[in-house]
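Trainee: Below is a structure I'd like to ask you about.
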């Protein structure tokens, strides 16, 4: 797990997983139940933090950005609709989709 501090310093941690899931909601529920700590998107837990159910362990640290991959079939000549969609995704993903609610 790699974390980045608000001043740009990066640190790699070795962790022992108790649970592995691709669901943000299952991860949040596991933390709520006391199964351990987790690195999740701030918007999934902002209400829990605001209401005191969860606490940020390392407030100056956050997970490093992960790449987003847009996959599509490779037709000989992409349709205008597909080209438009690809360009729209490039534009929309060039900036954060929302401000960090925990900043």
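Trainee: Within segment 40-52, can one find any residue that is at pLDDT 90 or above and either in contact with a strand residue (DSSP E or B) (Cβ under 6 Å, 6 or more places away or on another chain) or not in a helix (DSSP H, G or I) (or both)?
Mentor: Yes, segment 40-52 contains at least one residue that is at pLDDT 90 or above and either in contact with a strand residue (DSSP E or B) (Cβ under 6 Å, 6 or more places away or on another chain) or not in a helix (DSSP H, G or I) (or both).
Trainee: Any idea which residue in segment 6-38 is surrounded by the fewest Cβ atoms within 10 Å (Cβ to Cβ), counting only those that are touching a strand residue (DSSP E or B) at 6+ places or on another chain (Cβ under 7 Å) and at pLDDT 90 or above? Before you say what the answer is, go through the steps one by one.
Mentor: At the first step, the residues of segment 6-38 found to be touching a strand residue (DSSP E or B) at 6+ places or on another chain (Cβ under 7 Å) are 10-13.
Going one step further and asking which of them are at pLDDT 90 or above, we end up with 10-12.
On the way: 10: 10, 11: 11, 12: 8.
Result: 12.
Trainee: OK, next. Filter segment 75-88 down to the residues that are surrounded by 11 or more Cβ atoms within 10 Å (Cβ to Cβ) and at pLDDT 85 or above, then identify the one that is nearest to residue 65 (Cα to Cα).
Mentor: Among them, the one singled out is 86.
Trainee: Against the condition within 24 Å of residue 1 (Cα to Cα), part of a loop (DSSP other than H, G, I, E, B) and modelled with pLDDT of 85 or more, how does residue 58 come out, does it pass?
Mentor: yes
Trainee: May I ask you to verify whether residue 101 is at pLDDT below 90, part of a loop (DSSP other than H, G, I, E, B), in contact with a helix residue (DSSP H, G or I) (Cβ under 6 Å, 6 or more places away or on another chain) and surrounded by 12 or more Cβ atoms within 10 Å (Cβ to Cβ)?
Mentor: Yes: the conditions hold for residue 101.
The values are calculated or read from the model by the stated rules, or taken from the named source; none is laboratory data. Note that the structure is a prediction, hence the values are computed from the model and not measured. Ideal geometry is used to build each Cβ from the backbone, glycine not excepted, and the neighbour counts take in all protein chains shown.
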